[in-house]
Amino acid sequence: MHAGAGGDILAVMSTRRDFLTSAAVTTASLAAIGGAVRSVSAGQPAAAQPATGGGDTHRGVCVIASGNGLAAVNRAMELLNQGYDPADCIVQGVKIVEDDPNDQSVGYGGLPNEEGIVELDASVMHGPTHKSGAVASIRNIKNPAQVALLVLRRTNHCLLVGDGALRFAKQMGFPEENLLTEASRLAWLKWKANVGRDDFWLNDDERDEPVGRVWTADGPGKLSMVDHTDVQHLTGTIHCSAVTAKGDVSSCTTTSGLSWKIPGRVGDSPIIGAGNYCDNEVGAAGCTGRGESAIVNLSAYTMVMLMEQGKTPQEAAIIAAKRMVDRAKEKRLKGPDGKPRFGCSFYAVRKDGAYGAASINGGSFAVHDGKEGRVLPTVSLY
Ligand code: ASP
């Protein structure tokens, strides 16, 4: 389960990935990567392990993804080696995560909106044609990244939303499926029951235990009426970008978005330039974490532009992270210590195969450098 930082809707937009490691940026490590970040505007960066800036020296075929994407980078590399288009490679890679019911941040089994309905966002950008395709708030379709790729390939549009996206997917032959797993339904129910005291749903501590076993919707149930599911505000996403041996790039981001979101909410993942962007002349980038921040900062586009201006992928990722923190002006987004109360991770790969990743609050990323797939800690601001 992808656990956020807590129950506060404003504080909880970090993904589990953002907390998997705590490789925060030290002064020395920042100096080692060229001093791309000289200071952080609020709070003090935590003491930490050395940053992983080694990706900047890599050259050649490469696939990078968020920390939940090890299987995705391995699959994408396998397909790259078989000569598939890079967009197909990454879309097939992220499909593994979309299909996985245990990843509650993406595709099937994703956590639903506030009404208990799973709504997915995804986008694909193809470097060689500089074309994008995306779907947002799509329901009942397990693999939105594949639908996004078909929007790219089969239409003159960039983004289809809601019911129109679903109709397009069905026209393309995708079956409608119930995406809400039992685990995700129970997590939603737990949240729904405990969201407030002034509604008609009884909170856990307001329910009395029955004197014997109870019958639930699917038959004989357990004794306890108190649900012990561990529910925090949960988010997550997979981003995946690839560069071929010839230097062609493509990028993809797919997600169930922020859990318990207002129906119709669209995050950064399907917004080209926000959660996903590539330019065949430069490279590819994407991010996972607080989508609203990635939208107002156009974080993926920013990373690609920074690389075009000569920054390394590692530097570009760190600068994008720092810009997001600097521009978090709303008071609710920072704690009393001035540190961000949200998380976001940034991934970048240059067309020559150099790569880098950074996070605001610690995180990890997956990379396949042509030799092996690995999960590594990101450089982190805090
Ligand atoms: N970026 C995603 C969104 O805002 C959520 C996440 O990556 O955790 O929809």
Worksheet item: Just to be sure, is LEU186 of a type in the set (A, V, I, L, M), modelled with pLDDT under 95 and over 21 Å from the mean Cα position of the chain (by Cα)?
Response: yes
Discussion item. Out of LEU166, LEU180, LEU149, I need the residue that is in a helix (DSSP H, G or I) and in contact (Cβ under 8 Å) with a residue 40 or more places away in the chain. Which one?
Written reply: LEU149
Discussion item. I'd like the full set of residues that are surrounded by 24 or more Cβ atoms within 10 Å (Cβ to Cβ), over 21 Å from GLY267 (Cα atoms) and touching a residue at least 60 places away in the same chain (Cβ under 8 Å), limited to region 289-315.
Written reply: PRO313, GLN314, GLU315
Practice prompt. Could you check region 230-314 for strands (runs of 3 or more DSSP E) lying wholly inside it with 1 or more residues that are under 30 Å from GLY196 (Cα atoms) and within 14 Å of the ligand (Cβ to nearest atom)?
Written response: 249-255, 283-289
Fill in: Failed item in (1) out of contact with any helix residue (DSSP H, G or I) (no Cβ under 7 Å at 6 or more places or on another chain); (2) more than 21 Å from ARG75 (Cα to Cα), with ASP369 passing the rest
(2)
Worksheet item: For region 48-62, which residues satisfy the criterion of being in contact with a Leu (Cβ under 7 Å, 6 or more places away or on another chain) and modelled with pLDDT of 95 or more?
Response: VAL61
Practice prompt. With respect to ARG332, determine if the residue is of a type in the set (Lys, Arg), within 11 Å of the ligand (Cβ to nearest atom) and surrounded by fewer than 21 Cβ atoms within 10 Å (Cβ to Cβ).
Written response: no
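The values are calculated or read from the model by the stated rules, or taken from the named source; none is laboratory data. Everything quoted here is computed from the prediction, not taken from an experiment. Virtual Cβ from ideal backbone geometry, glycine too; neighbours counted across all protein chains shown.
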